[in-house]
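Heads up: the structure comes next, in structure tokens.
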Amino acid sequence: MSLQQLTANVASMAGSQESEELSGTVEWREGFWQQVLNDLLSSQAWLTGLGFGPILPERYEVDVGNTNNDTSTAPLRSVHNSHLTILARTGFPGFGLWLLLWLTFGMQLFRWVRRRPGGVRDPSAALGVWYLASVVGFLIGAYFDPSLEGPHAGIWLFTLVGLGAAHSRVARRHQVPAGPPRWL
């Protein structure tokens, strides 16, 4: 990967594409995502979603490379965005629960780190910040790729969530109380 490619990728996320290759990818994804949103709103599936059965690229007649051809043995079932796939399959209430999961996890871990006496200089709090940052990184990556639908990222994400939640609960029990003991 070159510095020019990295600069072009970052510029394409900001909306200023210099490369026709990158702008075509952005337009293709935005069009695909808009089809899903329009379908949810027009088919009255906004409450229940489309379910986990349909192959979404086939529903919208979008070729994602291995879906709409005769040699597809395992077609890609997502819409190239893990969060939008959750929305399409579970509807707006399910997507609200998805957002609530990440907001609750993030706020709980963030508050726990802030309550630590040494701040982020405390190794335990620093590990909590690392858990939080890595989960946020996975969730940002899931916006651009259906990465959470496979074991290569999904297992690691939920392992980090479990470790972060357990770490904040176990480390809290081992804190030394401030001041003299109560029996004195």
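The figures follow:
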quantity	calculated
Residue within segment 28-43 that is over 20 Å from Y143 (Cα atoms), at pLDDT below 85 and loosely packed, with under 11 Cβ neighbours inside 10 Å present	yes
Leading residue by the ranking (farthest from F32 (Cα to Cα)) among those in segment 110-125 that are open to solvent by less than 40 Å² (accessible area, probe 1.4 Å) and either small (G, A, S) or modelled with pLDDT of 85 or more (or both)	G118
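The values are calculated or read from the model by the stated rules, or taken from the named source; none is laboratory data. These numbers were taken from a predicted model, which means no experiment stands behind them. With ideal geometry, Cβ positions are generated from the backbone for all residues, glycine too; neighbour counts draw on all protein chains shown. What goes into the accessible areas is simple: the full protein's heavy atoms, side chains included, and nothing from ligands, DNA or RNA. Shrake-Rupley method; radii C 1.70, N 1.55, O 1.52, S 1.80 Å.
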